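The values are calculated or read from the model by the stated rules, or taken from the named source; none is laboratory data. Treat the numbers as computed from the prediction; the structure is a model and nothing was measured. Here Cβ is always computed from backbone atoms with ideal geometry, including for glycine, and neighbour counts include all displayed protein chains. Accessible surface areas use protein heavy atoms only, side chains included; no ligands, DNA or RNA. Shrake-Rupley method; radii C 1.70, N 1.55, O 1.52, S 1.80 Å.
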Amino acid sequence: MTLSTKAKDAYYYSDGWHQASSTYQISNPATGELLAEVANCGPDEAAKAAAIAWDSFNSWKQKTAFERSEILMRWFDLMMANQEELARTMTLEMGKPIKESRGEVAYAAGFVKWYAEEAKRVYGETMPAHLAHKRLFAIKQPVGPVYGVTPWNFPSAMVTRKAAPALAAGCSFILKPAEHTPLSALYLAELWEAAGGPPGTLQILPCEDPVPLSETLMADPRIRKVTFTGSTEVGRILYKQSAQTIKKISLELGGHAPYLVFADADLEKAIPEVIACKYRNAGQTCVCTNRIYVHSAIMEAFSEKYAAAASELKVGDPLDDNTDIGPLVDAQGFAKVQEHIQDALSKGAKIITGGKALSGLYFEPTVLSQISDDMKLMNEETFGPVAPLISFETDEEAIQMANNTPYGLAAYLYTNDLSRAFKVSEALEYGIVGVNDGLPSTPFVPFGGVKQSGLGREGGHWGIEEYLEVKYISMGLPK
Ligand code: NAD
């Protein structure tokens, strides 16, 4: 199966494929060429989608968990059967190197498989009663129609990390994909349809301006849950809007991940981990390290080896199997990386390697030293291939610097000392800690942040709870 022309031809997916009255264009960031003319949905489509989601929820929730599980399992099989085409679509729309895109499709499909299995394990509880004639139960039921909003940096995985547990739980799901990446989402809908997903259970509404469409869904009382992955700034808007109708909400927001490299680290093993953590997806992930703290005793050796490894990364065509770093997603993202480097240099930073813009939206892998806390890159997500190196003396100082941020998504450390590994990971105010592991994400673990990095967890058995309500039933037996 290949991607139907519908997705590229201004259709959106609701209770079937519909052509939108207006369209917008998306381009390939690697070449700047026009990629597709896609549906531009607005408040009218959103209002219809809410009604469809309500109707489909009422029939979908009646299916047994086993029936839902079978459809999800077929969806997983179809994703894996179409891995190459899905990966190519993703690379074309946002520039992720193809080898990483293949990995993302497998990761995205992993959520579908996990929740196909988890659907069958939504267990209730019985409680001992305080009166002899009573029987007390707690059952779990789907929360209702869900509205999901996803970012461009993981065009498939952020969709299935939300839609798979929601659908497994018995919810219907309306997705507003990121402006840059509607094709991956529409492709997933096509596979959902092919897997036997009933019309209206999964709807995909691409749009160029998210505000009018989103406001319509946020105000609709039939939408009982909102799940968002993106920036903290937009998360705050949705959090406020959800108060209108008291929607249940999950927020996966921005991060500013520190990586602490202790003096006992084996540099030959540590450097590849820190490199992968920094430069995957050209540094455009919420869990990419943004600040690398290195013990002063090993700083010289670390910076030399790290800069050498960074400069060996191959920057180029993301469709090439050998490419490590593709283009940045758009001119805005590119300008932010340039701005962060200029700001750091103007405040005394030194370039160890890289630092230059290449042609198009490509940027050299960059390593900087002589960093101070007032630099933008120490306070905002750079979302690019830029690594600032900062030295520290004691564990306490490293922990204090790592925690000195409003964000709390992912943090990392590298050490050979078991006691330090436990103590430091417990002291870090983060939802995720990678110990000697720069790539901790996988479908069956709890992913999410503390502080201003979010609310709730996705993945594992935690992920499905976000789409369930607990109902208490008290049954009195005739005395
Ligand atoms: P963004 O917040 O600008 O956009 C994310 C989504 O929100 C897009 O679909 C966009 O169309 C939509 N959006 C924007 N304004 C909106 C509004 N007013 N109302 C409703 N929807 C709106 O973020 P981005 O630039 O697409 O993605 C990068 C951000 O996502 C980074 O901050 C990154 O850290 C974060 N992120 C977090 C996670 C996580 O799991 N915590 C994962 C990936 C990305």
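Our analysis of the chain gives Rg over Rh at 1.00, with the two radii drawn from alpha carbon positions and Rh computed by the Kirkwood formula.
Multiply the residue gap between Asp209 and Glu233 by 0.36 nm, knock off their C-alpha separation, and tell me the result in nm, one decimal place. List each step's numbers first, then the result.
On the way: separation 24, 0.36 × 24 = 8.64 nm, distance 1.61 nm.
Taking 0.36 nm per residue and subtracting the Cα distance, the gain is 7.0 nm.
For Gln370, the residues 5 or more places off, or on other chains, whose built amide H falls under 5 Å of its own are Lys350. Shown here for region 1-92: GluC sites (Glu not before Pro) in loop regions (DSSP other than H, G, I, E, B) with at most 12 other Cβ atoms within 10 Å, namely Glu33.
Just want to confirm a number: the relative contact order over region 269-377, from Cα pairs under 8 angstrom separated by 6+ residues, in percent.
Numbers: 135 pairs, mean separation 25.5, N = 109.
Here the relative contact order equals 23 percent.
Dividing the mean sequence gap of close Cα pairs (under 8 Å, 6+ apart) by how many residues the chain holds gives a relative contact order of 18 percent.
Close amide H contacts of Val450 (hydrogens built in the peptide plane, cut-off under 5 Å, sequence separation of 5 or more or a different chain): Gly408, Leu409, Gly431.
Between Ala36 and Ile26, the built amide H atoms are under 5 Å apart, and every one of these is 5 or more places off in sequence or on another chain. Ordering Trp75, Trp114, Trp152 by accessible surface, largest first, gives Trp114, Trp152, Trp75; the 1.4 Å probe counts only protein heavy atoms, with every chain in place. Backbone N atoms of region 438-479 closer than 15 Å to the 7 Å Cα→Cβ label point of Leu131 belong to residues 473-479.
Restricting the trypsin sites (Lys or Arg not before Pro) of region 392-459 to loop positions (DSSP other than H, G, I, E, B) with no more than 15 neighbouring Cβ atoms within 10 Å leaves nothing.
Magnitude of the Cβ-charge dipole of the chain, K/R +1 and D/E -1, about the Cα centre, nearest 20 debye? Write down the numbers at each step before the final one.
Values: 44 positive and 58 negative charges, 408 e Å.
Magnitude of the dipole: close to 1960 debye.
Taking a quarter of the surface of the convex hull around the Cα atoms of region 11-84, what do you get in nm²? It would help to have the intermediate numbers written out before the result.
Working: hull surface 28.0 nm².
Taking a quarter of the hull surface, the average projection is 7.0 nm².
Using r as the Cβ-Cβ distance of Lys356 and Lys48, and R0 as 41 Å, what FRET efficiency do you calculate, to the nearest 0.05? So, using R0 = 41 Å, E works out to roughly 0.25.
Ordering Leu428, Ile292, Asn281 by Cα displacement along the dipole of region 257-443 toward the positive end leaves Asn281 in first place; charges were set at the Cβ atoms of Lys, Arg (+1) and Asp, Glu (-1).
Apply 1/(1 + (r/R0)^6) to the Cβ-Cβ distance of Asp373 and Asp321, taking R0 = 51 Å, and write down the FRET efficiency to the nearest 0.05.
On the way: r = 40 Å, r/R0 = 0.79.
Efficiency, from the Cβ-Cβ distance: 0.80.
For the pair Glu396 and Thr442 in one chain, pulling the backbone fully straight at 0.36 nm per residue adds 13.6 nm over the alpha carbon distance. To put it simply, the accessible area of the chain at a 1.4 Å probe is 53 percent carbon and sulfur. Entry note: region 235-309 has Rg to Rh equal to 1.23, where both radii use alpha-carbon atoms and Rh is the Kirkwood radius.
If you take all other residues with their beta carbon under 11 Å from the beta carbon of Thr366, and give Lys and Arg +1 and Asp and Glu -1, the sum is +1. Taking a straight Cα-Cα cut-off under 19 Å and skipping sequence neighbours fewer than 8 places away in the same chain, the lysines within cross-link reach of Lys176 are Lys6, Lys8, Lys48, Lys162, Lys225, Lys240, Lys247, Lys248. When the chain is described by a simple charge dipole with +1 on each Lys and Arg Cβ and -1 on each Asp and Glu Cβ, the residue from Tyr414, Pro165, Ala301 located farthest towards its positive end is Pro165. In terms of distances greater than 21 angstrom between alpha carbons, the cross-link table entries Lys61/Lys471; Lys63/Lys140; Lys305/Lys347 yield Lys305/Lys347. Accessible surface of Met127, taken over heavy atoms with a 1.4 Å probe and every protein chain present, rounds to 70 Å². Summary value for region 257-443: 29 percent relative contact order, contacts being C-alpha pairs under 8 angstrom separated by 6+ residues. For GluC sites (Glu not before Pro), the sites in region 302-384 that DSSP calls loop and that have at most 14 other Cβ atoms within 10 Å are Glu312. Helix content alone sets the calculated 222 nm mean residue ellipticity of the chain: runs of n ≥ 4 DSSP H residues at -39500 (n - 2.57) each, divided across all residues, give -12000 deg cm²/dmol.
A Cβ-based charge dipole, computed about the Cα centre of region 257-443 with Lys and Arg at +1 and Asp and Glu at -1, lands at about 300 debye. Taking a sphere under 11 Å around the Cβ of Cys171 and counting the other residues whose Cβ falls inside, with K and R at +1 and D and E at -1, yields a net charge of +4.
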